[in-house]
Amino acid sequence: MKFDEAIYLSDLIWYDGPVLSLYQQNGKKYLVLWVDVLGEFPDEEHVWYVIEVDEPTLRSFYDKHVSLREVMECSPAIYEGRNIFMDEGTECPLVPWADIPDDRKPSAESFHDETLGRDAA
């Protein structure tokens, strides 16, 4: 998957930059989760998971009925991207949930918190 025509919708978690954001591309919605930085400045690579999410699951996440971990577990597709916002046209390979390292998986308590969004006061 190339994450190059995505339309930004909102930041759900913001901490000195986007941590979890919502995008739309080709009629599908994606949660984009920052998970790691590899290397050192200025050669660092930021690692993101691009998580396909349907409307009912997204609504359940917003309403705190399911955690981010559960969203990822039931996602039809999770892609891993490096520097996806800096390198246009970067290919994001599909990554199975089972292959994601435990330290990159959200906790079972990772429920949506609207106070962590970019525009939260």
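Please treat every number below as a calculation from the coordinates, not as lab data. If you're wondering where the values come from, they're calculated on a predicted model, not measured in any experiment. Every residue, glycine among them, receives a Cβ derived from its backbone with ideal geometry; neighbour counts consider all protein chains shown.
In segment 22-45, of all residues being acidic (Asp, Glu) and in contact (Cβ under 8 Å) with a residue 12 or more places away in the chain, the one that is surrounded by the fewest Cβ atoms within 10 Å (Cβ to Cβ) corresponds to Glu45.
Does segment 101-112 include one or more residues that are of a type in the set (D, E, K, R) and part of a loop (DSSP other than H, G, I, E, B)? The answer is yes, given that some residue of segment 101-112 is of a type in the set (D, E, K, R) and part of a loop (DSSP other than H, G, I, E, B). If you scan segment 23-57, which residues turn out to be among the aliphatic types (A, V, I, L, M) and under 12 Å from the mean Cα position of the chain (by Cα)? Listed by number, the residues that qualify are Leu31, Val32, Leu33, Val35, Val47, Val50, Ile51, Val53. Summed over segment 3-21, residues that are assigned to a strand (DSSP E or B), within 21 Å of Asp54 (Cβ to Cβ) and in contact (Cβ under 8 Å) with a residue 24 or more places away in the chain total 5.
Residues that are acidic (Asp, Glu) and farther than 13 Å from Tyr30 by Cα were ranked within segment 53-84; the one that is surrounded by the most Cβ atoms within 10 Å (Cβ to Cβ) is Glu70.
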